[in-house]
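Okay, here's the structure, questions in a sec.
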Ligand SMILES: [Zn+2]
């Protein structure tokens with residue numbers, strides 16, 4: 001690990017809270033990006049990022065410096081963001097109407113009027129459809145899929161971060177793709 | 001002809017298949033599997049990475065300030081006991097002060113029948129006040145911001161905070177008397193309070209009411225613990241709670257009383 005980070009960690013552990021900013025400045029973007037992929041919205045991504053850095057901070061005295069802080073906090077973020085998605089699913093009332101609530105058959109029909117079906121799928125209006133499809137995944141499926149497909153994280157690393165066997169992570173990713181494919185069928189029907 | 005399953009084709013399209021070669025050959029000849037494989041590929045394209053919102057330096061500052069407000073001073077493991085001791089200092093100081101008052105009152109009653117006692121009693125009363133003042137003063141000096149210092153009697157402006165403190169106090173009291181894993185309702189309530197708490201902490205800090213901000217900070221940490229509590233019955237969070245909540249409950253009560261006192265003025 002880089003000298004500046006080691007030094008920052010040493011100072012934080014010795015009681016200097018402000019030294020933590022060095023670590024946050026360096027790794028916030030990566031943590032936020034991962035959190036955004038998994039949660040799918042900016043507000044939750046910020047909350048997951050906050051929690052991840054807080055969890056990393058509180059565990060810092062036990063952090064073994066043979067690993068990179070960035071890798072470690074990112075891994076914490078994967079897990080934290082997934083937990084947040086779980087909590088959101090459990091408690092729908094916490095945040096304003098979720099995207100999935102706004103999606104009706106109408107959205108799909110509007111999209112299918114467009115010229116090419118795939119083009120239609122990529123249109124702005126179908127962003128809602130995609131969000132709804134993503135919302136139909138379990139937190140584990142959603143997290144494993146976004147990490148593997150959008151962030152190109154390896155299966156072994158995903159499995160470790162989420163605390164499941166590699167095969168379970170793989171199955172979750174495959175199940176996610178199958179579900180998403182079916183969710184697109186009303187629009188993509190013309191392509192098959 | 002043996003066809004491949006959807007899962008096989010998904011693995012193939014994601015580069016996770018161990019039989020990529022034979023699947024590739026099959027797709028050359030089988031229209032049915034090729035169509036399915038293309039549908040999977042299309043799904044993967046449609047759900048490809050969207051741009052991540054930009055974080056401006058202002059966002060970063062806000063994120064840091066929010067995080068900073070939740071950071072407790074870390075100390076190396078062996079020193080932890082000292083920190084707990086310092087957190088317990090204030091209630092202890094309170095108990096000591098109470099003891100001083102009781103002794104003083106006792107002394108005063110003892111001196112009552114004595115005709116020459118009036119002067120003496122005044123002196124005694126003054127010394128009690130001094131003792132209290134010095135105790136409070138010492139505590140304030142030792143823990144200007146971070147310790148559980150004596151709380152300001154300046155009430156907060158927000159009437160909602162009183163209800164918030166009340167809910168928090170009730171939740172912590174319940175949790176303190178609960179054994180085993182938390183039920184869904186309790187967790188949901190902790191989560192709800194946690195979200196509100198972040199707002200109130202910031203409000204208190206913005207108002208410059210550090211004492212209130214510190215208590216709310218500590219409350220936030222306990223709530224995060226509850227919100228994230230694992231399903232296992234005896235785990236670290238419970239231990240932490242036991243260590244944390246007594247002092248915190250006291251602080252919450254004091255804050256709430258200040259608050260109620262303030263709004264009835
Ligand atoms: Zn076939």
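Going through B:11, B:72 one at a time, which residue ends up being facing chain A (nearest Cβ under 10 Å), surrounded by 11 or more Cβ atoms within 10 Å (Cβ to Cβ) and outside any helix (DSSP H, G or I)?
Numbers: B:11 fails: outside any helix (DSSP H, G or I).
Of B:11, B:72, the one residue that is facing chain A (nearest Cβ under 10 Å), surrounded by 11 or more Cβ atoms within 10 Å (Cβ to Cβ) and outside any helix (DSSP H, G or I) is B:72.
Another question about this same structure. Looking at (1) without any contact (Cβ under 8 Å) to a residue 24 or more places away in the chain; (2) within 12 Å of chain B (Cβ to nearest Cβ); (3) under 26 Å from residue A:138 (Cβ atoms), which is the only condition residue A:71 fails?
(2)
Looking only at the range B:24-37, filter to residues that are away from every other protein chain (no Cβ under 14 Å) and surrounded by 13 or more Cβ atoms within 10 Å (Cβ to Cβ); which one of those is nearest to the ligand (Cβ to nearest atom)?
B:30
Listed residues B:113, B:91, B:51, B:57; which is modelled with pLDDT under 75, under 34 Å from the mean Cα position of the chain (by Cα) and away from the ligand (no atom under 16 Å from the Cβ)?
B:91
Please give the helices (runs of 4 or more DSSP H) falling wholly within the range A:1-108 in which 3 or more residues are at pLDDT 90 or above and within 22 Å of residue B:220 (Cα to Cα).
Filter on the range A:1-108 gives A:20-39, A:42-59, A:69-90.
The values are calculated or read from the model by the stated rules, or taken from the named source; none is laboratory data. This structure is a prediction, so every number in the text was calculated from the model and none was measured. As a convention, Cβ positions derive from the backbone with ideal geometry for all residues, glycine included, and neighbour counts pool all protein chains shown.
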